[in-house]
Amino acid sequence: MKEYDYIIVGSGIAGLYTALLAQGQGSVLLLTKAGINECNTRHAQGGIAAAIGIGDSAELHYQDTIAAGAGLCDEEAVRILVDEGPDRITDLIDFGVHFDTVDGEVALTREAAHSVPRILHAGGDATGEHIEVTLSRLAMLAKMVIMEYCLVTQIIVDDGVVRGVKALDSRTGAMEEFRSRYVILATGGGGRLFNFTTNPDIATGDGIALAYNAGAEIIDMEFFQFHPTALRLPGVTPFLISEAVRGEGGILRNVEGRQFMSDYTPDGDLAPRDVVARGILAEMKKIGSDRVFLDVTHLPRRLVTARFPHIYRFCLVNGLDITKSPIPVAPAAHYMMGGVKTNAWGETNIAGLFATGETACTGVHGANRLASNSLLEVVVFTKRIMQRAKEGVSTPLGNQREHFSLGERKGRKASRKLPPLSLLALQSLMWDRVGIVRSGEGLTEAISTLALWQQAADKPSDRSSYELSNLILAGRLMSEAALIREESRGAHFRSDFPQPSSDWLKHIVFRKTD
Ligand SMILES: Cc1cc2nc3c(=O)[nH]c(=O)nc-3n(C[C@H](O)[C@H](O)[C@H](O)COP(=O)(O)OP(=O)(O)OC[C@H]3O[C@@H](n4cnc5c(N)ncnc54)[C@H](O)[C@@H]3O)c2cc1C
């Protein structure tokens, strides 16, 4: 059996950036469950935040991030993010990422809840694709082994120390075992938990399930961000209409053409994402419609097509000229704030197991992510992981003293007939009961159904059955955490506890105990 220094799971920005830094430090195996460029990263539009502009500062970026996080950010992690961010942008430029410029200077745009323009972008609204393609090209030329269509199904841990992974080669059906000194989980988010999502097929929360089953701590799962504006065209998958569209002057209107967001918040269209998503949901409910409109028809055509070429083209191909007609939009599941608990060096509570990117929870986002901080988080904390690994140390995080485990809720009966398990049934349940607005009753019902599905499901054998099983576990962790948190904070909103409570200025951590 081949042994490596580093096994990296995933090939989005987190996996690729880790692999590129690791290749100078030892042997590297990169495993990814689909084609190398299939990931959330490729879909990122708005850009990457960093305090590099005139009038901006690390302190201002810190304050905006803390404010968005609604009392639950890890202040040390945020300080690291904003202080080290600008240097990591330079690293990306050195890797060949070309950010857009104006008059020779890096162009910066503003997004909701940022107090100044601080978002760097590439190819207009194709930032993620540009980063992904640049890094994956470098990785393919570098000295490392890359195995596509290899789904990691288990993290091997002996005596509290990581030893490697088991993986299913989806093309041959063979299960293989790989050994390594370090395993770095970079498996992305879990937007596929919901039937309306901006995330591609790969976003099935695998890292959460892998880490939980290996004994790692999972934190903040109740905080899932719903993006307010995804395209809502019949027969078209919900495609993200970037926040930057509102940043550049796009206006939200209801189906009657009236601007409505100021009815819900004084910040109007540029309020934080959760506020805008709930405002849109309330307006849709009030009028009895399944969409609102994002209007850019008043903006210069040249601005729209130059700044948002990707969105413009995607809509045009689907029969909508956004310079002439308003864009039908509705909220959709977007970003997982919670994840595998790490410290400021990406370490988990298992020696040798690191996590980075959307599957990790460093604590920088707290209860709500500030737009465009996620790509920055990846590059800042991945660099720190590799510094730690280079020093040859991996001191596991001490286990959190107070934690929950799923076993405690086993065996409760569903109050209604158990619906047959399918991906769509799971996604609909999560959208209806664990979505933008939650209640104790709905969450209890979701948990009962998920627990019974867990008990009834066959042992996974192929990629889709592993993914479904991972989604059920991630959904269960999310629903349980949302039920435990009896308050509303950041992206977590409970209709039966609509206010934040000072009793809940703390985190919910899960760890498998059986
Ligand atoms: C539409 C959209 C727009 C966004 N816009 C922005 C933005 O403008 N700015 C910003 O900062 N953030 C944005 N985000 C969020 C950001 O793109 C993601 O958080 C970030 O790209 C996550 O990177 P990642 O490498 O952690 O995960 P991903 O890019 O999703 O990569 C995960 C990788 O892991 C692989 N994988 C998963 N499970 C397994 C397994 N079991 N075995 C093997 N491989 C596995 C996948 O195949 C994939 O290669 C956006 C997200 C979306 C969906």
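The values are calculated or read from the model by the stated rules, or taken from the named source; none is laboratory data. Since the structure is predicted, the reported quantities are computational estimates derived from the model, not experimental observations. When we count neighbours, we look across all protein chains shown, and the Cβ atoms used for this are built from the backbone with ideal geometry, even at glycine. When the accessible area is computed, the model is the full protein with side chains, heavy atoms only, and any ligands, DNA or RNA have been set aside. Shrake-Rupley method; radii C 1.70, N 1.55, O 1.52, S 1.80 Å.
For residue 126, work out the one condition from (1) in contact with a helix residue (DSSP H, G or I) (Cβ under 7 Å, 6 or more places away or on another chain); (2) modelled with pLDDT under 95; (3) open to solvent by 30 Å² or more (accessible area, probe 1.4 Å) it doesn't fulfil.
Unmet for residue 126, out of (1) in contact with a helix residue (DSSP H, G or I) (Cβ under 7 Å, 6 or more places away or on another chain); (2) modelled with pLDDT under 95; (3) open to solvent by 30 Å² or more (accessible area, probe 1.4 Å): (3).
Among the residues of region 232-254, which ones are within 11 Å of the ligand (Cβ to nearest atom) and either among the aliphatic types (A, V, I, L, M) or modelled with pLDDT of 95 or more (or both)?
Passing the criteria: 240, 241, 244.
May I ask you to say which residue of 163, 192 is more than 29 Å from residue 250 (Cβ to Cβ) and either more than 12 Å from the ligand (Cβ to nearest atom) or buried (at least 24 other Cβ atoms within 10 Å of the Cβ) (or both)?
Testing whether each residue is more than 29 Å from residue 250 (Cβ to Cβ) and either more than 12 Å from the ligand (Cβ to nearest atom) or buried (at least 24 other Cβ atoms within 10 Å of the Cβ) (or both) leaves just 163.
Go through (1) in contact with a Leu (Cβ under 9 Å, 6 or more places away or on another chain); (2) surrounded by 19 or more Cβ atoms within 10 Å (Cβ to Cβ); (3) touching a residue at least 40 places away in the same chain (Cβ under 8 Å) and name the single condition residue 449 misses.
Only one criterion is unmet by residue 449, namely (3).
Would you mind telling me which numbered condition in (1) open to solvent by 10 Å² or more (accessible area, probe 1.4 Å); (2) over 20 Å from the mean Cα position of the chain (by Cα) residue 202 fails?
(2)
Under 30 Å from residue 124 (Cα atoms) and away from the ligand (no atom under 12 Å from the Cβ) - does that describe any residue in region 340-360?
Scanning region 340-360, I find no residue that is under 30 Å from residue 124 (Cα atoms) and away from the ligand (no atom under 12 Å from the Cβ), so the answer is no.
Kindly list, by first and then second residue, each pair from a residue in region 452-477 that is more than 11 Å from residue 421 (Cβ to Cβ) to a residue that is in a helix (DSSP H, G or I) and of a type in the set (Ser, Thr, Tyr), limited to pairs with Cβ atoms under 9 Å and residues at least 6 apart or on different chains.
Going by the 9 Å Cβ cut-off, the qualifying pairs are 459/465; 459/469; 460/466; 460/469; 473/212; 474/212; 477/212.
Do you know which of the residues in region 267-289 that are in a loop (DSSP other than H, G, I, E, B) and modelled with pLDDT of 95 or more is most open to solvent (accessible area, probe 1.4 Å)?
288
Give the residue that is farthest from the ligand (Cβ to nearest atom), with candidates limited to residues of region 130-148 that are buried (at least 17 other Cβ atoms within 10 Å of the Cβ) and more than 19 Å from residue 91 (Cβ to Cβ).
The qualifying residue farthest from the ligand (Cβ to nearest atom) is 146.
For region 358-377, which residues satisfy the criterion of being under 18 Å from residue 47 (Cα atoms), open to solvent by less than 10 Å² (accessible area, probe 1.4 Å) and outside any loop (DSSP other than H, G, I, E, B)?
Hits for region 358-377 are 373, 376, 377.
Could you run through region 216-255 and say how many residues are part of a loop (DSSP other than H, G, I, E, B), closer than 18 Å to residue 46 by Cα and in contact with a helix residue (DSSP H, G or I) (Cβ under 9 Å, 6 or more places away or on another chain)?
Of the residues in that region, 7 qualify.
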